[in-house]
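Report on one structure; see the data block that follows.
The values are calculated or read from the model by the stated rules, or taken from the named source; none is laboratory data. None of these values were measured; they are calculated from a predicted model. When we count neighbours, we look across all protein chains shown, and the Cβ atoms used for this are built from the backbone with ideal geometry, even at glycine.
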Amino acid sequence: MTGSPVQPHAPDGEREAEHPAATSPAGSVPADPLVTVPAATAQAGVQPAPVSERDQHFMRLAQAAAEEARAAGEVPVGAVLVRGDEVIASGFNHPIGAHDPSAHAEMAALRAGAHALGNYRLPGCELYVTLEPCLMCAGAIMHARIARVVFGAHDPKTGACGSVVNAFANEQLNHHTSVSGGVLADECGEALRAFFADRRRASREARRAAREQAEQAQGGAGVAGPDEPAG
């Protein structure tokens with residue numbers, strides 16, 4: 001198994017700009033970027049179920065890769081590239097640490113897998129990723145000739161497997177990748193929800209601390225020092 005090619009160290013980062021939380025309908029989640037829709041939601045062109053033990057196993061490995069992203073301060077998205085029952089490579093989201101807008105989890109896993117196999121085309125391989133791929137990643141997946149994509153959480157902001165667009169449904173393309181979505185979607189989505197909740201909490205605490213520091217500085221400026229005349 002090949003690990004992620006980059007180990008970023010960044011204070012924070014995200015695949016898209018963060019938006020405030022919003023109330024969501026029952027069965028869905030707050031409207032954070034990249035955060036999910038329910039596992040039962042069937043998208044056009046995406047096979048919804050049943051979920052096999054094999055798919056769950058590899059998705060949990062992708063979740064472990066996503067945890068590496070979270071630990072580095074990046075949005076927690078992870079991916080693993082599989083051929084048969086062998087994990088060829090893994091990758092996690094790290095655009096901030098890598099200063100690279102293309103450094104999504106899928107791209108990292110594809111690059112590492114291509115190096116491991118000595119071929120930029122990866123026929124017969126499957127890609128497991130915790131979040132629905134975007135258009136950029138969908139294009140790379142098809143160029144790599146990936147046989148099947150399995151994703152966890154749907155992405156209502158940039159998902160290219162049916163949530164926003166369906167890049168894989170175009171019959172004019174010369175390669176067709178099958179797509180299965182919603183595998184461990186609730187767990188994958190919860191990791192994203194928790195990440196952005198922590199980010200908002202830290203931001204509030206930082207603003208509060210800055211405000212208190214400013215108030216203390218203003219209060220101290222109005223008190224005469226021991227060598228200053230009282231008036």
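For the reader, a short list of remarks on this structure follows.
- Under the condition of being of a type outside the set (V, I, T) and either in contact (Cβ under 8 Å) with a residue 60 or more places away in the chain or farther than 24 Å from E86 by Cα (or both), the residues counted in segment 110-131 number 8.
- Considering segment 79-147, the qualifying helices (runs of 4 or more DSSP H), each wholly inside and each with 2 or more residues that are farther than 21 Å from G181 by Cβ, run over 95-98, 105-117.
- Number of residues in segment 165-190 that are part of a helix (DSSP H, G or I), of a type in the set (A, V, I, L, M) and over 25 Å from R145 (Cβ atoms): the value is 1.
- Within segment 118-140, the set of residues being under 21 Å from R54 (Cβ atoms) and over 16 Å from the mean Cα position of the chain (by Cα) comprises L122, P123, G124, C125, E126.
- Exclusive hit being touching an Asp or Glu at 6+ places or on another chain (Cβ under 8 Å), of a type in the set (D, E, K, R), at pLDDT below 55 and surrounded by 13 or more Cβ atoms within 10 Å (Cβ to Cβ), set E74, E14: E14
- Residue satisfying all of: in segment 90-117; crowded, with 18+ Cβ neighbours inside 10 Å and among the charged types (D, E, K, R); farthest from the chain's Cα centre (by Cα) among these: R111
Yes/no per residue for (1) without any contact (Cβ under 8 Å) to a residue 12 or more places away in the chain; (2) surrounded by fewer than 17 Cβ atoms within 10 Å (Cβ to Cβ); (3) assigned to a loop (DSSP other than H, G, I, E, B):
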site	(1), (2), (3)
V149	no, no, no
S163	no, no, yes
L192	no, no, no
F196	no, no, no
E205	yes, yes, no
Q216	yes, yes, no
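- Within segment 49-75, residues that are at negative phi reach partners that are among the basic types (K, R) and surrounded by 19 or more Cβ atoms within 10 Å (Cβ to Cβ) with beta carbons closer than 9 Å, at six or more positions or on different chains, in the pairs E74/R15; V75/R15.
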